[in-house]
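Notes for the one structure printed next.
Read the figures in this text as sums done on the coordinates, not as results from a lab. For clarity, every value in this text was computed on a predicted model and none was experimentally measured. No Cβ is skipped: glycine too gets one built from the backbone with ideal geometry, and neighbour counts run over all protein chains shown.
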Amino acid sequence: MDDLGDVSTAKDDTCTRTTYADNTAKNILSLPARSEAVSVKCSATPDRKTQVLADERTSYDNLAFGAAPTKGDATKTERLTSHNGTTGTYQVTGATTYDAYGRPLTQKDAKQIGTTDETKTVYTETNGLLTSTSVYNALGHATVTDYAQAWGMSKSARPTRTASAPTSPTTRWAA
Ligand SMILES: [Ca+2]
């Protein structure tokens, strides 16, 4: 998408392109794979050494960037930190794992990548219905959200309460 700004000069032109991670066989057609903004109009070829304003990309289902997603769980996000004109260098800005239902289990932000720190979510079900979620931060402190059982999966929640983790959160679910 072009933004030409002042049409009398090319100096303020930008182009933002969003590409999608499609899997037509699974009817996955709307997941963003990459958003790149460059400081030239879209019909021009950017010099990626100097003309990339932003480049953020998402990988799905623990597959490499660009692979067709199989479920559509966003497992890794990255941003371009430098480009030598041929190859870009990306920094991992986020990593997420999911359960079989596609619910996030663990999340790492850019600072937590490569460390053991992460945010963990534990889902508690009663008779097959979600009754609470406990989100543990890197310190093991939990924010618990209770759901009214009669409402089942309703997003309407009681006010959240905070509590310390009664046990190490890593023991709360099977690997
Ligand atoms: Ca312009």
>> If I model a spin label at Asn62 and Thr87 as a point 7 Å from the Cα along the Cα→Cβ vector, what separation in nanometres do I get?
In response: 2.6 nm
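First measure r as the distance between the Cβ atoms of Leu129 and Val40, then evaluate 1/(1 + (r/R0)^6) with R0 = 41 Å and state the FRET efficiency to the nearest 0.05. Please report the intermediate quantities before stating the final value.
On the way: r = 53 Å, r/R0 = 1.30.
So the FRET efficiency works out to roughly 0.15.
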> Cα to Cα, under 18 Å, and not fewer than 8 places away if on the same chain: which lysines meet these conditions relative to Lys26?
Replying inline: Lys71
> Based on the Cβ-Cβ distance of Leu31 and Asp109, what FRET efficiency does E = 1/(1 + (r/R0)^6) give at R0 = 25 Å, to the nearest 0.05?
Replying inline: 0.75
>> List the aspartates and glutamates whose Cα sits under 14 Å from the Cα of Lys120, skipping any in the same chain fewer than 8 residues away.
In response: Asp99, Asp109
